[in-house]
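Shown next, in structure tokens, is the structure this report addresses.
The values are calculated or read from the model by the stated rules, or taken from the named source; none is laboratory data. As the structure is a prediction and not an experimental result, all values here were calculated from the model. Glycine gets a Cβ as well: all are built from the backbone with ideal geometry, and neighbour counts include every protein chain shown. Just the protein is used for accessible areas: all its heavy atoms, side chains included, with ligands, DNA and RNA removed. Shrake-Rupley method; radii C 1.70, N 1.55, O 1.52, S 1.80 Å.
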Amino acid sequence: MVKSLSKRIGNAVILLLAVLVLNFTLIHIAPGDPVEVLAGEMGGATPELLAELHADFGLDQPFHIQLFTYLGNVLHGNLGHSFYYDKPVTELILDRMGATLLLVITALLFALLVGTALGVASAQKRNSLLSNLVTILSLAGFSAPVFWIGIMLILLLSVAVPIFPIAGMATADEPEGTFAYIFDVAQHLVLPVLTLASIYLAFYSRLSRASMLEVLESDYIRTARAKGLSRFLVVYKHALRNAVLPVVTFAGLQFAQVISGAVLVETVFAWPGLGTLAFESILRRDSPTLLGILFFSAVLVLIVNIVVDIAYRVIDPRISAK
């Protein structure tokens, strides 16, 4: 396992370097000038001031000089300085990272656990009401855009029936006490989590159902039943362990999609995370902040993929033996 992890980490470093170069190149050739955006918000600027700002930001240098300067800064742990917020990019990311991780991890775990449970339960009773409901849920989850689901949840559970808060991560006047604050954040978290988890809940339920149906037809399952083992042991001890492998694999592969989906969800619910920061950085042409967010997301996805590999080996010992 150590040899395999070392190889994966080496490949991850090469991939991160390629991601850095590609992101920087794409943002560099994209239309828009951050200095002109800043000047527009200030009410205008003289050509001399514009030239001075270009020089301060290093935008007057040739592309290859800007690229090598950026790569050198990243290698030294410096993600740059935000053009708009006038703060280090690392500080901006750290300030917003907790909110995004809370949203993404909660949504992914909810979709993974509930979706797998629904799929396993429906696989045991084909053509039942539960099985048909899982199919309908999957079709609805795949068809509906995530931002539309968020808006519908707001209209239903925040406007028509005011159960949950509409936007933000906490109320303006934070409640006194740790438990009161946690409960307040949990209330604000419900709608964004349901919105972000909707499409992945549909996917995991269908995937786990199909995988469980295939495993239940296996020879070793028939042997376990012939030995007189209870239905619970056959399904949840023998079948589930193999049926969950494709679900775990796709959960790791889709982590990047969950992060990208968080941009829309955070925008709809004004969730103060990296998605909202990325959206604002795009509008303001704040390339250092956007590059830092993309780099952090790539690192996070690679770490999750390595963790999934380890989990895969723990779930299926046959892989560890290879």
All-pairs Cα distance distribution in segment 40-172, expressed in whole percent, bin size 10 Å: 9, 20, 22, 19, 17, 10, 3, 0
Selected from Ile293, Ile199, Ile221 as most flexible by GNM, with the chain as the system and alpha-carbon contacts under 10 Å: Ile221
Per-bin percent of Cα-Cα distances, segment 171-278 [10 Å]: 12, 28, 23, 19, 13, 4, 0
Packing-based ranking, highest mean first, of 296-303, 17-24 given that Cβ atoms within 10 Å are counted: 296-303, 17-24
GNM flexibility winner over the chain from Ala167, Ala239, Ala226 (Cα, springs under 10 Å): Ala226
Rg(Cα)/(2.2 N^0.38 Å) for segment 241-313, N = residue count: 1.32
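Mind listing which GluC sites (Glu not before Pro) in segment 151-243 are in a DSSP loop and have 10 or fewer other Cβ atoms within 10 Å? Don't skip to the end; give the middle numbers.
Details: sites: Glu176, Glu214, Glu217; in loops: Glu176, Glu217.
Answer in residue order: Glu176, Glu217.
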Of all accessible heavy-atom area on segment 2-75, the percent that carbon and sulfur account for (1.4 Å): 69
Carbon and sulfur %, accessible surface of segment 89-321 computed with the full protein complex present, 1.4 Å: 71
Cβ-placed point charges (K, R +1; D, E -1), dipole of the chain about Cα centre in debye, nearest 20: 2780
For the chain, with +1 on Lys and Arg beta carbons and -1 on Asp and Glu, the positive-most of Ile306, Leu189, Leu207 along the dipole: Leu207
All-pairs alpha carbon distance profile, the chain, 10 Å steps from 0, percent: 5, 20, 25, 24, 16, 7, 2, 1, 0
Relative compactness, segment 2-75, computed as alpha-carbon Rg over 2.2 N^0.38 Å: 1.55
Selection from Thr46, Leu109, Val134, by position along the positive dipole direction of segment 36-156 (Cβ): Val134
